[in-house]
Amino acid sequence: MTIRKTIWLTALIILPIFSTQAQRFDWVKSYSGTDRAGQVDNWIVGSVTDNDGNLYVLGQCAHDAQLNGISLVPINHPNRNCILIAKFTPNGDVAWHKEIASPGINQACGITMAGDTSLICMVNITLKGMLYYLDTLYSNAQTEIMPSDLLDTRSVTAFITLGLNGELQEDHFLQVAYIDSSDSLITTDMQTGNHADAKTVSPDIFSSCDFCVDNQGNIIVARRASDEVSIGGVQNYSIENGLLSGYQIWVDGHSRFNIYPTNTPTTGNIALVKFSPHFLDMSQVNYLFENESGSSYIEIRSMACDNNNNIYFVGTTSPSLTDSATRNVQGLPITFTTYNIGTVSFLAKCNQSLQPEYFKYLKKDDEPQHFTFLEFSSFAFGDTCESVFVSGSTDGMVLSNIVTSDGDSLDVCKKAFFMQLNTGTGQMLTYGKPPTTEEGFSQILCGHNSQMRHSIVAKNNRVIMPVQFNKSIAWNDTAILLEENQKGFGLYMWDYEGHPINFIHVETSPTTQHLFGSFVNLHDSILYFSGHFEYPVNASFGIDDVTCSGNSIAFIAKYVNSSFSTPYETPNNVGIIEIVSENILIYPNPTTATIQIELPERENIVSCFVISVSGSYHQEPINNRTLNLKNYPAGIYYIEIITNNNLYKQKIIKL
């Protein structure tokens, strides 16, 4: 009988991958400042790259934040954070940086490229008092920016278009005012009881979650349908209770567009609003759901248009202490059910007319659904837009397989994962997950704030996304084993079929607990990686460390691999290597049904995976060191055994 050996690693020792390709972190930049009490003020909201490989980031920063020694904000509003927009060149220079600091709201929401020559940022700010806006300090913003005698409230959702040189090209300020059941505009004086003498309006911000721009320059905004207003601080007026008939969209201080919903949208709905370029017109509006029940609201975490101007977005429900909620998807025979004390996520596709074409969400394969977190986090289109790659993760309460609303099944208990979907039908084509021990987990960690998000890259037969893990993480014939209670952090990489390729490890101190690595951007051979830390940590990016001792700190790093610019070629054997070992005996081989596993007495089996030659992983139980392969088709498989000390991998033949 042949005895085979597999590669095993001790804690925190990583097998080097020998290659002629350059693979390294080239530089890392960071910014930090004093967090407000109980708040996190330094983090990345989004990032994009241009055709020359420059990186643009949108983030939040503390009032006294410094970016590698550069002071960012020239004024300080007490108990307020600020907004940062910055450009980094491929060699790590800060080409320019712009800040916004208002005495009211300062909330960064999203960033996207608009063609090849400009970018658009969406932020919520307050245009009053002393305002630092981009490069200008205004002493009285309500008279210097968007002056209007009609407006009482100056909080706006701003869409800011910048050239790639940082110069302001245009900006537009959106607000929402409300129309009561008698078709009268609700005004400031109405709230105090003097409706007949009212002259001014008190609109809200646009309540936008995210936005995207199609290839015709139209701006599609997803906003929460939480339209209600308090009259005199006593009674809530809403469409749901019949006291509101609709709302008005104001652009740049002037009433523009009236919307009268035909349904009764609640906090659990999303409205898609399409504007023509420069916000000159509002062409369409549609709601994602109808006939909602329950109180949990929905956040949109990622949104983009494909080449045909179809709109895709990932959303997630908020945890709720109330009973379960149901929503019917507009125009589709789908009921979306969510449960209390947990979150459920979905991917939706809408056509150019904003009508849903498919709606895919996650659920457990068994009941109950309560107390679980099943999350899609982001998505990216493949090279030809024929596939969309969706990232996600499940929590420790998920002990069964995950299924989607249209019948796909994923073995991703306590795992981060990606799914490759057909963009036309939404059907799952492949999926991948990082192998870990049975007790360990891997996850995507976006953060506790709805604006703390995540991204995934799918390009040149590589899927790359940030993950956090504990216990261990493995790829091919390599593994990292962590100390007890330590968290690991880095970028996991698969091919499009879900075969593990590599893991870019960011080494952290053993006391590290919470890491938030959020965004990846790939341009030729350059991979940008950005995120933030919230707790004391020392993270090594090879060429430099990022240290967080008390306040939050945001980082932007550049990783270089010359092979990234060409398609990855999956090896015929999926990179699985066998080496003789005397520590493990697996027999009979070949087998018709079961195999026995013999190990030294000191070693206990933690988990077992059956790996197909295509690279798909299936976790299987071990009973009395016996593995049952009865339900597997005949063929070649690799058995991966993770013990309390070692990682083993051996090829077997199923007859």
I'm told LEU491 meets every condition in (1) part of a loop (DSSP other than H, G, I, E, B); (2) surrounded by fewer than 22 Cβ atoms within 10 Å (Cβ to Cβ); (3) touching a residue at least 40 places away in the same chain (Cβ under 8 Å); (4) not basic (Lys, Arg) except one. Can you identify the failing condition by its number?
(1)
Specify the residue that is surrounded by the fewest Cβ atoms within 10 Å (Cβ to Cβ); the eligible residues are those in the stretch 238-286 that are small (Gly, Ala, Ser) and part of a loop (DSSP other than H, G, I, E, B).
GLY242
Considering only residues that are of a type outside the set (S, T, N, Q), touching a residue at least 40 places away in the same chain (Cβ under 8 Å) and at negative phi, which ones fall in the stretch 47-62?
VAL48, ASP50, LEU55, TYR56, VAL57, LEU58, GLY59, CYS61, ALA62
The residue from PRO567, PRO621 that alone is loosely packed, with under 13 Cβ neighbours inside 10 Å, modelled with pLDDT of 80 or more and not in a strand (DSSP E or B) is PRO621
Conditions (1) of a type outside the set (A, V, I, L, M, F, W, C); (2) in contact with a helix residue (DSSP H, G or I) (Cβ under 6 Å, 6 or more places away or on another chain); (3) closer than 24 Å to MET452 by Cα -> LYS128 fails only (3)
CYS109 passes all but one of the listed conditions (1) open to solvent by less than 30 Å² (accessible area, probe 1.4 Å); (2) modelled with pLDDT of 95 or more; the exception is number (2)
Quickly run through the stretch 86-105 and pick out the residues that are open to solvent by 10 Å² or more (accessible area, probe 1.4 Å), more than 25 Å from PRO277 (Cα to Cα) and not aromatic (Phe, Trp, Tyr).
THR89, PRO90, ASN91, ASP93, VAL94, ALA95, HIS97, PRO103, GLY104, ILE105
Name the residues in the stretch 314-323 that are farther than 13 Å from HIS454 by Cα and either of a type in the set (A, V, I, L, M, F, W, C) or modelled with pLDDT of 95 or more (or both), would you?
LEU321
Of all residues in the stretch 630-655, how many are within 25 Å of THR478 (Cβ to Cβ) and either in contact with a Pro (Cβ under 6 Å, 6 or more places away or on another chain) or of a type outside the set (S, T, N, Q) (or both)?
14
Could you check the stretch 121-158 and list, in sequence order, the residues that are β-branched (Val, Ile, Thr) and open to solvent by 20 Å² or more (accessible area, probe 1.4 Å)?
THR136, THR143, THR153
Return the residues of the stretch 63-82 that are open to solvent by less than 40 Å² (accessible area, probe 1.4 Å), of a type outside the set (S, T, N, Q) and out of contact with any Ser or Thr (no Cβ under 9 Å at 6 or more places or on another chain); say none if nothing qualifies.
LEU72, VAL73, ILE75
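Each row is one residue, and each column tells you yes or no for (1) open to solvent by 10 Å² or more (accessible area, probe 1.4 Å); (2) not β-branched (Val, Ile, Thr).
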position: SER32; (1), (2): yes, yes
position: VAL40; (1), (2): yes, no
position: VAL45; (1), (2): no, no
position: GLY53; (1), (2): no, yes
position: CYS61; (1), (2): no, yes
position: LEU84; (1), (2): no, yes
For the stretch 542-558, check the following and say yes or no: at least one residue is out of contact with any Phe, Trp or Tyr (no Cβ under 6 Å at 6 or more places or on another chain), over 30 Å from GLU507 (Cα atoms), surrounded by fewer than 14 Cβ atoms within 10 Å (Cβ to Cβ) and at pLDDT below 85.
no
Is it the case that some residue within the stretch 614-629 is closer than 23 Å to LEU481 by Cα and among the hydrophobic types (A, V, I, L, M, F, W, C)?
yes
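Conditions (1) touching a strand residue (DSSP E or B) at 6+ places or on another chain (Cβ under 6 Å); (2) of a type in the set (Lys, Arg); (3) at pLDDT 90 or above, marked per residue:
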| residue | (1), (2), (3) |
| --- | --- |
| GLN216 | no, no, yes |
| ILE219 | yes, no, yes |
| SER238 | yes, no, no |
| THR264 | no, no, no |
| THR267 | no, no, no |
Given the criterion at pLDDT 75 or above, acidic (Asp, Glu) and open to solvent by 30 Å² or more (accessible area, probe 1.4 Å), identify the matching residue among GLU438, GLU367, GLU386.
GLU386
Scanning the stretch 179-211 for residues that are modelled with pLDDT of 80 or more, open to solvent by 10 Å² or more (accessible area, probe 1.4 Å) and closer than 11 Å to ILE249 by Cα gives ILE205
So the strands (runs of 3 or more DSSP E) completely within the stretch 1-103 holding 2 or more residues that are within 28 Å of the chain's Cα centre (by Cα), modelled with pLDDT of 95 or more and of a type in the set (Lys, Arg) are none
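The values are calculated or read from the model by the stated rules, or taken from the named source; none is laboratory data. On a predicted model such as this, the values are computed, not experimentally measured, just so you know. Methodologically, a virtual Cβ is constructed for each residue, glycine included, from the backbone with ideal geometry; neighbour enumeration extends over all protein chains shown. Ligands, DNA and RNA are excluded from the accessible area calculation, which covers all protein heavy atoms including side chains. Shrake-Rupley method; radii C 1.70, N 1.55, O 1.52, S 1.80 Å.
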